[in-house]
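The structure appears below as structure tokens.
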Amino acid sequence: QVQLVESGGGLVQAGGSLRLSCVDSGRTFSRYHGWFRQAPGKEREFVAAIYWSGGTAYYADSVQGRFTISRDNAKNTVYLQMNSLKPEDTAIYYCASNVHARYSSNLYDYDYWGQGTQVTVSS
């Protein structure tokens, strides 16, 4: 049974930074991990994804150049470094993982989800 536990959310002023962490209790071999977010009244949307071996990372256009996804397999942890935060980045951020060895930005392709962590960016 895979469990994903996020941490690192909080309240930050516009222009500030936060780093989210996601600890995966299972074996991360051959799995993608992604970050999604959901703002009030909006659908959950893709933010970033990375394969278990690292390498190519994928980003939504809205966060490209500001957010960085990375992983430490020794710690079974995936990170999302968020810089130059904007009020429109305010959302609950979810860590997710899929068992398919291929990239996807579609949330329905992800098999495991964390409980989410709130990120609030004030103007």
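Read-outs: derived from the displayed coordinates by stated rules, not from any lab. This one's a predicted model, so the numbers in the text were calculated from it and none came from an experiment. Note: ideal-geometry Cβ built from the backbone for every residue, glycine included; neighbour counts use all protein chains shown.
Things to note:
- Relative contact order of region 61-123, defined on C-alpha pairs under 8 angstrom at six or more residues apart (%): 32
- Each Lys and Arg contributes +1 and each Asp and Glu -1, all at the Cβ; summed about the Cα centre of the chain, the dipole is approximately 200 debye.
- Amide H within-cut-off set for ASN76, under 5 Å, with H built and near neighbours excluded: none
- Where chymotrypsin sites (Phe, Trp or Tyr not before Pro) in DSSP loops with at most 16 other Cβ within 10 Å are excluded, longest remaining stretch of the chain: 30-102
- Extension gain (nm, one decimal) between SER17 and ARG66, 0.36 nm per residue minus Cα-Cα: 16.7 nm
- Among beta bridges identified by DSSP and lying wholly in the chain, the antiparallel ones come to about 90 percent.
- Note on the chain: with a GNM built from Cα contacts shorter than 10 Å, the maximum mean-square fluctuation among ILE69, ILE92, ILE50 falls on ILE92.
- Computed extension length for THR56-ASN106: 16.3 nm, one decimal, from 0.36 nm per residue of separation with the Cα-Cα distance subtracted.
- For region 20-123, trypsin sites (Lys or Arg not before Pro) meeting the loop criterion (DSSP other than H, G, I, E, B) and having at most 15 other Cβ atoms within 10 Å: ARG27, LYS42, ARG66, LYS75, ARG102.
- The chain - percent relative contact order, Cα under 8 Å, separation 6 or more: 36
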